[in-house]
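Below you'll find the structure, written out as structure tokens, and then a few comments.
Any read-out appearing in this document is the output of simple, stated calculations on the displayed coordinates, not a laboratory observation. Given the structure is predicted, the values throughout are model-derived calculations rather than measurements. Cβ placement follows ideal geometry from the backbone for every residue including glycine, while neighbour counts extend to all protein chains displayed.
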Amino acid sequence: MAAPTVAQWEFTGDYFENCNCDVVCPCLFSPNPPMTSSPTEGHCDVGFGFHIDRGTYGGVALDGLNAAIVGRSPGPLAEGNLSVALYLDERANAGQREALQAILSGGAGGPMGVLAPMIGTILGVKAVPITYRIAGKQRAMEIPDVLQMSVHALPSLNPESEIWAETGHPFAPTRLAMAVGDAGSTFKDYGLQFDNSGKNGHYAPIRWSNS
């Protein structure tokens, strides 16, 4: 039986993350190969927020939508067995939600397709109200009663600029801002609960596609 056809898709927008590692995360900054070092707390609790400025999935427009992924890894990411939850913008129609789920689960290829083999369990997929804010060198996302997450840029010797790193991160391979979680960066759902205030963060403009 032939594999199902995956639509061509692309989008531009913004993303940020906040994990429970001390600044900076050894997944990206370590003498070892990327994602093979143990998180500073032994496990990884991480949230990713996404805002799409302009995008399409096949003939489906994705402009202006938000989404989030929250996950827990029991050890180094490269060892896999991640548990993840997907949160999709409740403003999206059925076609848009299907597109977002395909992209964020990795089923439609692209950057999440690289990480999909590391996912052991998808805890669930929910359509929820998601607020995404960009204010200078700060990023913030809110899902009422579930997620409050925000980060700000680490101080730089150049006060007008962030500290940018070219890490090869699959979400933003060309440049990634170094950041730290603001107070109150918390998550609670699916039996998971964490507080990543004062912990590692990143943000960057992104351009994703499966081509």
Worksheet, complete the sentence: In the range 1-51, the GluC sites (Glu not before Pro) that sit in a DSSP loop and have at most 15 other Cβ atoms within 10 Å of their own Cβ are E41
Worksheet item: the chain: longest stretch without exposed trypsin sites (Lys or Arg not before Pro) (DSSP loop, at most 14 other Cβ within 10 Å), sites themselves excluded?
Response: 1-90
Worksheet item: For the chain, what is the charge dipole size about the Cα centre, in debye to the nearest 20, if Lys and Arg each add +1 at the Cβ and Asp and Glu each add -1 at the Cβ?
Response: 220
Worksheet item: Taking 1 over the mean of 1/r across every pair of different Cα atoms in the chain, what Kirkwood radius in Å do you get?
Response: 17.3
Worksheet item: Among I122, I69, which comes first, second and so on when ranked by fewest other beta-carbon atoms within 10 Å?
Response: I122, I69
Worksheet entry | Candidates A177, A67, A135, ranked by Gaussian network fluctuation over the chain, Cα under 10 Å, top entry | A135
Item to complete: For the range 72-172, state what percent of all Cα-Cα pairs lands in each successive 10 Å bin, counting from 0 Å until the bin that includes the largest distance.
Response: 13, 32, 39, 15, 1
Fill in: Sum of -39500 (n - 2.57) over DSSP H runs of 4+, divided by residues of the chain (222 nm, nearest 500)
-2000 deg cm²/dmol
Worksheet item: Nearest 10 degrees, 0 to 90: what angle lies between the long axis of helix 94-105 and the longest principal axis of the chain (Cα atoms)?
Response: 50
Worksheet item: For the chain, what is the relative contact order in percent, using Cα pairs closer than 8 Å and at least 6 residues apart in sequence?
Response: 23
Worksheet entry | I134-V114 FRET efficiency (beta carbon distance; Förster radius 30 Å; 0.05 resolution) | 0.75
Worksheet item: If you stretched the chain out fully between E166 and E98, how much longer would it get, using 0.36 nm times the residue separation minus the C-alpha to C-alpha distance?
Response: 21.3 nm
Worksheet, complete the sentence: Of all chymotrypsin sites (Phe, Trp or Tyr not before Pro) in the range 155-211, the ones in DSSP coil with at most 13 other Cβ atoms within 10 Å are none
